[in-house]
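Throughout, read-outs are computed from the coordinates displayed, never taken from laboratory work. Predicted, not measured: the structure shown is a model, and the values here were computed from it. Reconstructed Cβ throughout: ideal geometry from the backbone, glycine too, with neighbour counts over all protein chains shown.
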Amino acid sequence: MKFSWKIFFITFLIIITSFGVGGFLLINTVFTNTLNNRIDSAKKNNNYITTALSVYADNSKPTYGNWEYLRTSAIGFAKQIAGNSDSKSKIGSINELSFSAEDEFAHGMSVNSRKSRIVTENKKYYIQTISKIQLVTASCYIETVDDITSVYSDRDMYCTIYQFILIGVALFASILLVIFSKLLTRPLVRLKDASKEIAKGNFNMRVKESHGITSSTEITELSQSFNTMADYVEDYIEQLKLAAQNRDNFIADFTHELKTPLTSISGFAEIIMNGIAKPEDVRHFAENIYNESARLITLVGDIIKISQLDEGLVGAEKTDVDLLEIARKTANSLQSVASKNDITISVAGESSCVKGVYDIIDEMVYNLCDNAVKYNRPGGSVNITVENKTITVADTGIGIPLSSQPRVFERFYRVDKSHSKEIGGTGLGLSIVKHAAIYHGAKIDLESVENVGTKIKISF
């Protein structure tokens, strides 16, 4: 059964049950109160007649000693007192009463006692009230009979009317509940449909927030949570797609980077093996084989470093590392290469210690400065500044085009491939810098203007 129909039936049963039980309880309460009031009125009327007759008999006793005369006079007096047409009075023996011949209701009553009951006759209802008093020398029964058929008739009439009202309420409630249940469950239906679409691969599917009668806090929060989940799933899928794309690019780039040195090594080795090479060229070929092999070793080493940084498998504890010390060490290492290209290297700033792995931070700084030297121009400069746990490497080199700046930290990405071949390198230097920064929780800022220079800042 659908959720909307469950809501309909449960709510319908609650409404009809509550309305039905409540209505009939109300009718019964009104009937009971009315009946009790009529019973109390009948008892009071009977008591009033009994008291008046007793006083009449006491006052007439000295003059009228004849019982029959007294009885006749008392009956007439009682009729005058009864007054209302619904109450009938009677005075006499037990056998003369209206309903006592068939049972023992009045038997055994003591003088000055009173009984009351409801009796039925010919589909009519009566309140019979009987009192027993002493009149002169004999006792007698005083009976009042009140017709209360109208009380029961009214109850039956109200019950019949209420049944029709209940049927009308049931029909009206059914219409309203069908509409309400559909409106209430509409957001849930949307959630179901959206879930099916996401299951089919439509990850951009979202649920519109409800308004009006269906805009309850719980449903709104559920819709928001679903959309948040969908956003997360979509982002995650995009990340997986990007990761897959990066993996494919990496494999293609890595294959390309391996192919070039391997082809050179294989070619030179084949020439030497076949004896084609001249004796004076063997040393040159061997040197090329050695250089390409070294390049392969460096390439594999860089790949391993990046993988270790990605997986957090560096295998060294973090210690206090002085950035200024590393900057000066790097400048001294590159001084010879820089001098050959007429490039000056300077270090400025103050001692600044950060928590990290010394060798990794050392390689970060070295790669930044090495690139600054390689992609500089004759007469240029490389300035290294250290302050407030930040190291900045600025050069006056060829710069990086704006379109290429978002990709310079990708593996094997080169802005100028022809120039990169001339200066060597694996194309992984800045990628190592990026992954090392992530490992240390550092932030990288890049500023570069083509033909003006580049500035890279790492903040720990």
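How much FRET efficiency would the formula 1/(1 + (r/R0)^6) give for Cys353 and Asn274, where r is the Cβ-Cβ distance and R0 is 56 Å, rounded to 0.05?
Numbers: r = 59 Å, r/R0 = 1.05.
Calculated value: 0.45.
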Among Glu287, Glu197, which comes first, then next, by fewest other beta-carbon atoms within 10 Å? Glu287, Glu197
Of Ala372, Ser352, Tyr413, which is farthest towards the positive pole of the stretch 316-459's charge dipole, taken about the Cα centre with +1 and -1 on the beta-carbons of Lys, Arg and Asp, Glu respectively? Tyr413
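Summing +1 for each Lys or Arg and -1 for each Asp or Glu, what net charge is found among the other residues whose Cβ lies under 15 Å from the Cβ of Ala338? Walk me through the numbers before you get to the answer.
Numbers: positive: Arg328, Lys329, Lys340, Lys374, Arg377; negative: Asp342, Asp370, Asp395.
With Lys, Arg at +1 and Asp, Glu at -1, the net is +2.
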Total formal charge among the other residues, if their Cβ is under 15 angstrom from that of Glu197, Lys/Arg +1 and Asp/Glu -1: +3
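Extension gain Ile16-Thr120, at 0.36 nm per residue separation less the Cα-Cα distance, in nm?
Answer, rounded to one decimal: 34.0 nm.
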By counting other Cβ atoms within 10 Å of each Cβ, how are His107, His284, His440 ranked from fewest to most? His107, His284, His440
Run the Debye formula on the Cα coordinates of the stretch 316-459, all scatterers equal and no solvent, and tell me log10 I(q)/I(0) at q = 0.16, 0.20 1/Å. -0.81, -1.29
Test of understanding: ordering Glu234, Glu363 by Cβ neighbours within 10 Å, fewest first, what list do you get? Glu234, Glu363
